[in-house]
Amino acid sequence: MADIRPFIAIRPTRGKAAAIAALPYDVYNREEAVREVAAHPDSFLQIDRAETQFDDSVDTYDARVYERARDTLWQWVEEGRFLREEQACYYLYELTMDGRVQTGIVACASIDDYQNNVIKKHENTREEKELDRIRHVDTCSAQTGPIFLAYRARADIDRIVARVKRQEAEYDFVSEDGIRHRVFVIRDAKDVEGIRTAFSDTPDIYIADGHHRAASAVKVGIKRRGEHPGYDGSEEFNYFLSVLFPDEQLMIMDYNRVVKDLNGYTGETFLAEVSKRFDVEALSGEADKRPKERGCFSLYLDGLWYRCRIREEDRHADDPVADLDVSILQERLLAPVLGIRDPRTDARIDFVGGIRGMEELERRCGEDCAAAFAMYPTSIAELFAVADAGLLMPPKSTWFEPKLRSGLFIHEI
(Lines give C-alpha, C1' and ligand atoms only; values in the text may rest on other atoms or scores of the structure.)
Protein backbone atom coordinates (compact mmCIF):
# COMPACT_ATOMS: atom_id res chain seq x y z
CA MET A 1 0.00 0.00 0.00
CA ALA A 2 1.16 3.53 -0.71
CA ASP A 3 3.04 5.69 1.79
CA ILE A 4 2.02 9.21 0.77
CA ARG A 5 2.94 11.63 3.50
CA PRO A 6 2.61 15.34 4.28
CA PHE A 7 5.77 17.42 4.33
CA ILE A 8 7.18 20.77 5.38
CA ALA A 9 7.17 22.72 2.14
CA ILE A 10 9.24 25.69 1.14
CA ARG A 11 6.93 27.73 -1.05
CA PRO A 12 6.50 31.27 -2.41
CA THR A 13 5.20 33.95 -0.11
CA ARG A 14 1.77 35.27 -0.99
CA GLY A 15 1.85 37.62 -3.93
CA LYS A 16 5.01 36.07 -5.43
CA ALA A 17 3.68 32.71 -6.63
CA ALA A 18 2.54 33.91 -10.06
CA ALA A 19 5.94 35.43 -10.88
CA ILE A 20 7.94 32.47 -9.57
CA ALA A 21 5.90 29.57 -10.98
CA ALA A 22 7.52 28.14 -14.11
CA LEU A 23 6.81 25.45 -16.66
CA PRO A 24 8.92 22.28 -16.23
CA TYR A 25 12.61 22.59 -17.04
CA ASP A 26 12.43 20.14 -19.94
CA VAL A 27 9.81 22.12 -21.86
CA TYR A 28 12.58 24.48 -23.05
CA ASN A 29 15.82 24.14 -24.95
CA ARG A 30 18.68 26.34 -23.75
CA GLU A 31 17.97 29.21 -26.12
CA GLU A 32 14.29 29.27 -25.17
CA ALA A 33 15.14 29.10 -21.46
CA VAL A 34 17.48 32.08 -21.78
CA ARG A 35 14.74 34.13 -23.45
CA GLU A 36 12.19 33.10 -20.84
CA VAL A 37 14.40 34.09 -17.91
CA ALA A 38 15.31 37.40 -19.58
CA ALA A 39 11.60 38.19 -19.97
CA HIS A 40 10.68 36.89 -16.50
CA PRO A 41 13.63 37.39 -14.12
CA ASP A 42 11.66 36.09 -11.10
CA SER A 43 10.85 32.83 -12.85
CA PHE A 44 11.91 29.65 -11.07
CA LEU A 45 13.42 28.62 -14.40
CA GLN A 46 16.43 30.66 -13.27
CA ILE A 47 17.01 27.90 -10.70
CA ASP A 48 15.75 24.90 -12.66
CA ARG A 49 17.90 25.90 -15.66
CA ALA A 50 20.73 27.84 -14.05
CA GLU A 51 22.80 27.74 -17.25
CA THR A 52 20.64 30.74 -18.22
CA GLN A 53 22.85 32.77 -15.88
CA PHE A 54 25.99 31.98 -17.91
CA ASP A 55 27.05 32.68 -21.46
CA ASP A 56 27.30 29.91 -24.03
CA SER A 57 30.94 29.21 -23.17
CA VAL A 58 29.73 27.44 -20.01
CA ASP A 59 28.33 23.99 -20.73
CA THR A 60 24.77 23.26 -19.62
CA TYR A 61 26.08 20.47 -17.38
CA ASP A 62 29.08 22.30 -15.92
CA ALA A 63 29.41 21.93 -12.13
CA ARG A 64 29.13 25.71 -11.81
CA VAL A 65 25.60 25.55 -13.21
CA TYR A 66 24.37 23.31 -10.39
CA GLU A 67 26.22 25.35 -7.80
CA ARG A 68 24.57 28.51 -9.13
CA ALA A 69 21.16 26.81 -8.91
CA ARG A 70 21.82 25.94 -5.27
CA ASP A 71 23.08 29.41 -4.39
CA THR A 72 20.17 31.15 -6.12
CA LEU A 73 17.59 28.90 -4.47
CA TRP A 74 18.78 29.48 -0.94
CA GLN A 75 19.45 33.17 -1.59
CA TRP A 76 15.80 33.56 -2.63
CA VAL A 77 14.74 31.78 0.55
CA GLU A 78 16.91 34.14 2.64
CA GLU A 79 15.49 37.17 0.82
CA GLY A 80 11.97 36.17 1.80
CA ARG A 81 10.66 35.21 -1.63
CA PHE A 82 9.85 31.82 -0.09
CA LEU A 83 8.56 30.77 3.31
CA ARG A 84 9.05 27.52 5.16
CA GLU A 85 5.86 25.87 6.43
CA GLU A 86 5.77 25.48 10.22
CA GLN A 87 4.27 21.99 10.15
CA ALA A 88 3.96 19.07 7.79
CA CYS A 89 0.96 19.63 5.50
CA TYR A 90 -0.68 18.37 2.39
CA TYR A 91 -1.68 20.86 -0.30
CA LEU A 92 -4.27 20.93 -3.03
CA TYR A 93 -3.11 22.07 -6.45
CA GLU A 94 -6.01 22.89 -8.77
CA LEU A 95 -5.45 23.63 -12.45
CA THR A 96 -8.19 24.85 -14.78
CA MET A 97 -7.67 24.66 -18.54
CA ASP A 98 -10.42 25.54 -21.02
CA GLY A 99 -13.00 25.14 -18.27
CA ARG A 100 -11.80 21.67 -17.25
CA VAL A 101 -10.66 21.37 -13.63
CA GLN A 102 -8.23 18.86 -12.14
CA THR A 103 -7.20 18.90 -8.50
CA GLY A 104 -4.21 17.03 -7.12
CA ILE A 105 -2.82 16.43 -3.65
CA VAL A 106 0.72 17.70 -3.17
CA ALA A 107 2.64 15.30 -0.96
CA CYS A 108 5.78 13.21 -0.73
CA ALA A 109 5.88 9.65 -2.06
CA SER A 110 8.20 6.91 -0.86
CA ILE A 111 11.25 5.81 -2.81
CA ASP A 112 10.62 2.30 -1.46
CA ASP A 113 7.17 2.31 -3.09
CA TYR A 114 8.87 3.30 -6.35
CA GLN A 115 11.38 0.46 -6.04
CA ASN A 116 8.75 -2.11 -4.99
CA ASN A 117 6.42 -1.13 -7.86
CA VAL A 118 3.61 0.18 -5.66
CA ILE A 119 4.29 3.28 -7.76
CA LYS A 120 4.08 1.89 -11.27
CA LYS A 121 5.90 3.06 -14.38
CA HIS A 122 4.91 2.88 -18.03
CA GLU A 123 8.02 4.34 -19.70
CA ASN A 124 11.70 3.55 -19.86
CA THR A 125 14.12 6.19 -18.67
CA ARG A 126 17.46 7.10 -20.20
CA GLU A 127 20.45 7.46 -17.91
CA GLU A 128 21.84 10.52 -19.66
CA LYS A 129 18.55 12.36 -19.09
CA GLU A 130 18.52 11.37 -15.42
CA LEU A 131 22.04 12.61 -14.68
CA ASP A 132 21.18 16.29 -15.03
CA ARG A 133 18.36 16.15 -12.46
CA ILE A 134 20.36 13.86 -10.16
CA ARG A 135 23.06 16.53 -9.98
CA HIS A 136 20.48 19.31 -9.61
CA VAL A 137 18.61 17.63 -6.73
CA ASP A 138 21.79 16.46 -5.01
CA THR A 139 23.59 19.80 -5.26
CA CYS A 140 20.55 21.85 -4.19
CA SER A 141 19.53 19.30 -1.53
CA ALA A 142 16.00 19.94 -2.74
CA GLN A 143 13.42 18.58 -5.14
CA THR A 144 11.93 21.46 -7.10
CA GLY A 145 9.81 19.83 -9.79
CA PRO A 146 6.91 17.61 -8.67
CA ILE A 147 6.25 14.18 -10.17
CA PHE A 148 2.79 13.86 -11.76
CA LEU A 149 1.16 10.78 -10.21
CA ALA A 150 -2.31 9.29 -10.74
CA TYR A 151 -4.55 7.02 -8.68
CA ARG A 152 -7.98 5.50 -9.10
CA ALA A 153 -10.43 8.03 -7.70
CA ARG A 154 -11.62 7.47 -4.13
CA ALA A 155 -14.76 8.94 -2.57
CA ASP A 156 -13.08 9.44 0.82
CA ILE A 157 -10.35 11.60 -0.71
CA ASP A 158 -12.88 13.43 -2.91
CA ARG A 159 -14.88 14.46 0.18
CA ILE A 160 -11.82 15.96 1.87
CA VAL A 161 -10.80 17.77 -1.31
CA ALA A 162 -14.28 19.26 -1.76
CA ARG A 163 -14.34 20.48 1.83
CA VAL A 164 -10.88 22.06 1.68
CA LYS A 165 -11.71 23.86 -1.57
CA ARG A 166 -14.45 25.78 0.24
CA GLN A 167 -11.65 27.60 2.07
CA GLU A 168 -9.78 30.64 0.78
CA ALA A 169 -7.03 29.72 -1.67
CA GLU A 170 -3.44 30.40 -0.64
CA TYR A 171 -2.55 31.19 -4.28
CA ASP A 172 -4.90 32.04 -7.12
CA PHE A 173 -3.48 33.26 -10.42
CA VAL A 174 -3.74 32.78 -14.18
CA SER A 175 -0.49 32.06 -16.02
CA GLU A 176 0.36 33.51 -19.40
CA ASP A 177 -0.92 30.40 -21.19
CA GLY A 178 -4.39 30.93 -19.70
CA ILE A 179 -4.21 28.17 -17.06
CA ARG A 180 -5.71 29.10 -13.71
CA HIS A 181 -3.72 27.83 -10.72
CA ARG A 182 -5.10 27.63 -7.18
CA VAL A 183 -3.37 26.19 -4.12
CA PHE A 184 -4.95 25.32 -0.76
CA VAL A 185 -3.12 24.30 2.41
CA ILE A 186 -4.37 21.24 4.33
CA ARG A 187 -3.32 21.70 7.96
CA ASP A 188 -6.30 20.22 9.82
CA ALA A 189 -5.07 17.10 11.62
CA LYS A 190 -8.23 15.13 10.83
CA ASP A 191 -7.95 15.87 7.10
CA VAL A 192 -4.23 15.08 7.09
CA GLU A 193 -4.84 11.74 8.77
CA GLY A 194 -7.79 11.02 6.46
CA ILE A 195 -5.66 11.53 3.35
CA ARG A 196 -2.73 9.51 4.64
CA THR A 197 -5.01 6.65 5.69
CA ALA A 198 -6.82 6.65 2.34
CA PHE A 199 -3.57 6.38 0.40
CA SER A 200 -2.32 3.66 2.74
CA ASP A 201 -5.34 1.69 1.52
CA THR A 202 -4.57 2.41 -2.15
CA PRO A 203 -2.74 -0.52 -3.74
CA ASP A 204 -1.52 1.18 -6.91
CA ILE A 205 -0.14 4.61 -7.79
CA TYR A 206 0.94 5.42 -11.35
CA ILE A 207 3.52 7.79 -12.77
CA ALA A 208 1.60 9.81 -15.33
CA ASP A 209 4.37 12.24 -16.25
CA GLY A 210 7.90 12.79 -14.96
CA HIS A 211 9.56 9.36 -15.18
CA HIS A 212 13.03 10.89 -15.41
CA ARG A 213 12.45 13.28 -12.50
CA ALA A 214 11.14 10.38 -10.41
CA ALA A 215 14.07 8.12 -11.25
CA SER A 216 16.50 10.94 -10.48
CA ALA A 217 14.92 11.70 -7.10
CA VAL A 218 14.99 8.02 -6.17
CA LYS A 219 18.64 7.65 -7.15
CA VAL A 220 19.60 10.66 -5.02
CA GLY A 221 17.68 9.10 -2.12
CA ILE A 222 19.56 5.83 -2.54
CA LYS A 223 22.86 7.75 -2.71
CA ARG A 224 22.01 9.56 0.52
CA ARG A 225 21.14 6.27 2.20
CA GLY A 226 24.65 5.10 1.36
CA GLU A 227 26.07 8.29 2.87
CA HIS A 228 23.96 7.84 6.03
CA PRO A 229 24.17 4.12 6.87
CA GLY A 230 22.28 4.69 10.12
CA TYR A 231 19.18 6.07 8.37
CA ASP A 232 15.84 4.91 9.78
CA GLY A 233 13.54 5.66 6.83
CA SER A 234 12.03 8.87 8.20
CA GLU A 235 14.62 11.17 6.60
CA GLU A 236 13.41 13.46 3.85
CA PHE A 237 15.69 11.88 1.25
CA ASN A 238 13.53 8.76 1.48
CA TYR A 239 10.65 10.63 -0.17
CA PHE A 240 10.10 12.61 -3.36
CA LEU A 241 7.87 15.55 -4.25
CA SER A 242 4.65 14.55 -6.03
CA VAL A 243 1.20 15.73 -7.02
CA LEU A 244 -1.40 12.95 -7.09
CA PHE A 245 -4.51 13.27 -9.28
CA PRO A 246 -7.60 11.04 -9.49
CA ASP A 247 -7.76 9.26 -12.82
CA GLU A 248 -11.22 10.52 -13.78
CA GLN A 249 -10.00 14.14 -13.89
CA LEU A 250 -7.02 13.63 -16.17
CA MET A 251 -6.77 14.39 -19.86
CA ILE A 252 -4.14 12.85 -22.10
CA MET A 253 -3.52 14.65 -25.37
CA ASP A 254 -2.25 13.15 -28.59
CA TYR A 255 1.49 12.74 -29.07
CA ASN A 256 2.14 12.92 -32.79
CA ARG A 257 4.97 11.80 -35.05
CA VAL A 258 6.81 13.50 -37.91
CA VAL A 259 9.41 11.80 -40.12
CA LYS A 260 12.29 13.48 -41.89
CA ASP A 261 12.24 11.35 -45.07
CA LEU A 262 10.33 8.52 -46.75
CA ASN A 263 13.21 6.05 -46.86
CA GLY A 264 13.52 6.26 -50.64
CA TYR A 265 9.79 6.17 -51.42
CA THR A 266 8.04 8.89 -53.37
CA GLY A 267 4.87 10.33 -51.90
CA GLU A 268 2.83 8.18 -54.27
CA THR A 269 4.63 4.90 -53.58
CA PHE A 270 4.65 5.55 -49.83
CA LEU A 271 0.89 6.14 -49.84
CA ALA A 272 0.52 2.85 -51.69
CA GLU A 273 2.48 1.10 -48.94
CA VAL A 274 0.32 2.73 -46.26
CA SER A 275 -2.80 1.54 -48.11
CA LYS A 276 -1.54 -2.05 -48.04
CA ARG A 277 -1.45 -1.92 -44.24
CA PHE A 278 -4.36 0.38 -43.29
CA ASP A 279 -7.72 1.42 -44.68
CA VAL A 280 -7.03 4.85 -46.17
CA GLU A 281 -9.37 7.61 -47.32
CA ALA A 282 -8.51 11.11 -48.54
CA LEU A 283 -9.91 13.96 -46.43
CA SER A 284 -11.46 17.00 -48.07
CA GLY A 285 -10.12 20.41 -47.30
CA GLU A 286 -13.05 21.17 -45.00
CA ALA A 287 -12.89 17.91 -43.03
CA ASP A 288 -11.63 17.81 -39.45
CA LYS A 289 -8.18 16.28 -39.70
CA ARG A 290 -7.84 15.26 -36.06
CA PRO A 291 -8.59 11.56 -35.38
CA LYS A 292 -11.88 11.10 -33.56
CA GLU A 293 -11.59 7.59 -32.18
CA ARG A 294 -9.20 4.88 -31.12
CA GLY A 295 -7.97 2.83 -34.05
CA CYS A 296 -7.54 5.81 -36.39
CA PHE A 297 -4.71 8.15 -37.21
CA SER A 298 -4.32 10.92 -39.78
CA LEU A 299 -1.49 11.09 -42.31
CA TYR A 300 -0.24 14.38 -43.78
CA LEU A 301 1.67 13.82 -47.02
CA ASP A 302 2.48 16.14 -49.93
CA GLY A 303 0.09 18.81 -48.66
CA LEU A 304 -2.90 16.47 -48.27
CA TRP A 305 -4.53 14.75 -45.29
CA TYR A 306 -5.64 11.10 -45.18
CA ARG A 307 -7.61 9.17 -42.58
CA CYS A 308 -6.04 5.78 -41.82
CA ARG A 309 -7.92 3.08 -39.95
CA ILE A 310 -6.28 0.12 -38.23
CA ARG A 311 -7.66 -3.21 -39.41
CA GLU A 312 -9.23 -5.50 -36.85
CA GLU A 313 -6.88 -8.36 -37.66
CA ASP A 314 -3.95 -6.17 -36.59
CA ARG A 315 -5.27 -5.56 -33.08
CA HIS A 316 -3.82 -7.40 -30.06
CA ALA A 317 -6.51 -7.66 -27.39
CA ASP A 318 -4.30 -9.87 -25.21
CA ASP A 319 -1.33 -7.45 -25.16
CA PRO A 320 -1.96 -3.92 -23.80
CA VAL A 321 1.26 -2.56 -25.34
CA ALA A 322 1.00 -4.16 -28.77
CA ASP A 323 -2.65 -3.04 -28.95
CA LEU A 324 -1.82 0.66 -28.59
CA ASP A 325 -2.34 2.70 -31.75
CA VAL A 326 1.20 4.06 -31.48
CA SER A 327 2.56 0.50 -31.27
CA ILE A 328 0.64 -0.66 -34.32
CA LEU A 329 1.83 2.35 -36.32
CA GLN A 330 5.39 1.57 -35.28
CA GLU A 331 5.25 -2.15 -36.03
CA ARG A 332 3.15 -2.02 -39.19
CA LEU A 333 4.59 1.07 -40.89
CA LEU A 334 7.43 3.01 -39.27
CA ALA A 335 9.72 0.00 -38.83
CA PRO A 336 9.06 -2.16 -41.92
CA VAL A 337 8.50 0.64 -44.45
CA LEU A 338 10.43 3.65 -43.18
CA GLY A 339 13.15 1.66 -41.45
CA ILE A 340 12.66 3.47 -38.12
CA ARG A 341 13.26 0.50 -35.83
CA ASP A 342 14.15 2.32 -32.61
CA PRO A 343 12.22 5.57 -32.27
CA ARG A 344 14.15 6.38 -29.08
CA THR A 345 17.38 6.87 -30.98
CA ASP A 346 16.55 7.33 -34.68
CA ALA A 347 17.14 10.95 -35.70
CA ARG A 348 14.74 10.54 -38.62
CA ILE A 349 11.68 10.71 -36.37
CA ASP A 350 10.51 13.52 -34.11
CA PHE A 351 7.55 13.91 -31.76
CA VAL A 352 5.09 16.80 -31.52
CA GLY A 353 2.83 17.27 -28.51
CA GLY A 354 -0.85 17.66 -29.26
CA ILE A 355 -0.98 21.02 -27.49
CA ARG A 356 0.75 22.46 -30.59
CA GLY A 357 -2.17 21.57 -32.84
CA MET A 358 -2.47 20.11 -36.31
CA GLU A 359 -1.03 23.27 -37.84
CA GLU A 360 2.33 22.45 -36.29
CA LEU A 361 2.41 19.15 -38.17
CA GLU A 362 1.73 20.95 -41.44
CA ARG A 363 4.40 23.51 -40.61
CA ARG A 364 7.00 20.82 -39.90
CA CYS A 365 6.22 19.10 -43.20
CA GLY A 366 6.74 22.39 -44.98
CA GLU A 367 10.02 22.96 -43.19
CA ASP A 368 12.04 19.83 -42.40
CA CYS A 369 9.82 16.74 -42.57
CA ALA A 370 8.30 14.54 -45.27
CA ALA A 371 5.19 13.22 -43.50
CA ALA A 372 3.26 13.56 -40.25
CA PHE A 373 1.07 11.18 -38.28
CA ALA A 374 -1.63 12.63 -36.02
CA MET A 375 -2.60 10.08 -33.38
CA TYR A 376 -5.72 9.56 -31.27
CA PRO A 377 -4.74 10.09 -27.61
CA THR A 378 -3.78 7.14 -25.45
CA SER A 379 -6.34 6.81 -22.64
CA ILE A 380 -5.64 6.74 -18.91
CA ALA A 381 -7.21 3.26 -18.85
CA GLU A 382 -4.66 2.09 -21.44
CA LEU A 383 -1.85 3.62 -19.38
CA PHE A 384 -3.06 1.80 -16.24
CA ALA A 385 -3.42 -1.49 -18.14
CA VAL A 386 0.16 -1.29 -19.42
CA ALA A 387 1.56 -0.43 -15.99
CA ASP A 388 -0.52 -3.10 -14.24
CA ALA A 389 0.86 -5.69 -16.65
CA GLY A 390 4.40 -4.61 -15.75
CA LEU A 391 5.00 -3.50 -19.33
CA LEU A 392 6.30 -0.30 -20.90
CA MET A 393 4.78 1.94 -23.55
CA PRO A 394 6.63 3.03 -26.67
CA PRO A 395 8.36 6.40 -26.22
CA LYS A 396 6.20 9.51 -26.48
CA SER A 397 2.87 7.73 -26.08
CA THR A 398 1.24 10.28 -23.75
CA TRP A 399 1.14 14.06 -23.46
CA PHE A 400 -0.49 15.46 -20.34
CA GLU A 401 -1.91 18.95 -20.10
CA PRO A 402 -1.88 21.23 -18.25
CA LYS A 403 1.72 21.03 -17.08
CA LEU A 404 2.47 21.32 -13.36
CA ARG A 405 4.43 24.42 -12.45
CA SER A 406 7.80 24.22 -10.74
CA GLY A 407 8.70 26.49 -7.85
CA LEU A 408 5.32 26.40 -6.09
CA PHE A 409 6.49 23.61 -3.77
CA ILE A 410 10.05 22.73 -2.77
CA HIS A 411 10.95 19.63 -0.79
CA GLU A 412 14.23 19.99 1.06
CA ILE A 413 16.15 16.77 1.51
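The values are calculated or read from the model by the stated rules, or taken from the named source; none is laboratory data. Since this is a predicted model, take the numbers as computed values, not measurements. Reconstructed Cβ throughout: ideal geometry from the backbone, glycine too, with neighbour counts over all protein chains shown.
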Whichever residue in the range 72-105 is farther than 18 Å from TYR151 by Cα and aliphatic (A, V, I, L, M) and, among such residues, is surrounded by the most Cβ atoms within 10 Å (Cβ to Cβ): LEU73
With the condition being touching a residue at least 24 places away in the same chain (Cβ under 8 Å), I'd like the helices (runs of 4 or more DSSP H) fully within the range 9-88 carrying at least 3 qualifying residues. 17-20, 45-48, 63-79
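Matching residues to (1) out of contact with any Cys (no Cβ under 7 Å at 6 or more places or on another chain); (2) under 20 Å from GLN87 (Cβ atoms); (3) part of a loop (DSSP other than H, G, I, E, B):
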{"position": "ASP156", "(1), (2), (3)": "yes, no, no"}
{"position": "ILE160", "(1), (2), (3)": "yes, yes, no"}
{"position": "GLN167", "(1), (2), (3)": "yes, yes, yes"}
{"position": "ASP172", "(1), (2), (3)": "yes, no, no"}
{"position": "ARG182", "(1), (2), (3)": "yes, no, no"}
{"position": "VAL185", "(1), (2), (3)": "no, yes, no"}
{"position": "ASP191", "(1), (2), (3)": "yes, yes, no"}
Just give me the residues in the range 1-36 being under 27 Å from ALA169 (Cα atoms) and β-branched (Val, Ile, Thr), in sequence order. ILE4, ILE8, ILE10, THR13, ILE20
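Residues checked against (1) exposed (fewer than 14 other Cβ atoms within 10 Å of the Cβ); (2) on the phi > 0 side of the Ramachandran plot; (3) of a type in the set (Phe, Trp, Tyr):
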site: PRO229; (1), (2), (3): yes, no, no
site: PHE237; (1), (2), (3): no, no, yes
site: ALA272; (1), (2), (3): yes, no, no
site: LYS276; (1), (2), (3): yes, no, no
site: ARG315; (1), (2), (3): no, no, no
site: ASP323; (1), (2), (3): no, no, no
Some residue of the range 244-261 being out of contact with any Pro (no Cβ under 8 Å at 6 or more places or on another chain), more than 30 Å from SER216 (Cβ to Cβ), at pLDDT 95 or above and not in a loop (DSSP other than H, G, I, E, B): yes
Has the range 12-23 got any residue that is over 27 Å from ASP188 (Cβ atoms), of a type outside the set (Ser, Thr, Tyr) and either crowded, with 17+ Cβ neighbours inside 10 Å or in contact with a helix residue (DSSP H, G or I) (Cβ under 8 Å, 6 or more places away or on another chain) (or both)? yes
How many residues does the range 166-220 contain that are crowded, with 18+ Cβ neighbours inside 10 Å, hydroxyl-bearing (Ser, Thr, Tyr) and farther than 30 Å from ASP112 by Cα? 1
Single condition GLY357 does not satisfy, out of (1) touching a residue at least 40 places away in the same chain (Cβ under 8 Å); (2) assigned by TED's automatic domain parsing to the domain that holds PRO291; (3) at positive phi: (1)
Test: residue in the range 143-163 that is farther than 28 Å from ALA387 by Cβ and either among the basic types (Lys, Arg) or crowded, with 18+ Cβ neighbours inside 10 Å (or both): yes
Scan of the range 288-347 for residues that are among the aromatic types (Phe, Trp, Tyr) and over 24 Å from the mean Cα position of the chain (by Cα), ordered by number: TYR300, TRP305, TYR306
Over the range 363-379, the set of residues in a helix (DSSP H, G or I) and surrounded by fewer than 17 Cβ atoms within 10 Å (Cβ to Cβ) is ARG363, GLY366, GLU367
Name the residues in the range 328-353 that are buried (at least 19 other Cβ atoms within 10 Å of the Cβ) and part of a helix (DSSP H, G or I), would you? ILE328, LEU329, GLN330, LEU333, LEU334
Residue check, GLU235 more than 27 Å from GLY407 (Cβ to Cβ) and either of a type in the set (D, E, K, R) or out of contact with any Phe, Trp or Tyr (no Cβ under 9 Å at 6 or more places or on another chain) (or both): no
Looking at the range 363-413 only, could you name the residues that are within 19 Å of the chain's Cα centre (by Cα), over 18 Å from TYR151 (Cβ atoms) and of a type in the set (Phe, Trp, Tyr)? TYR376, TRP399, PHE409
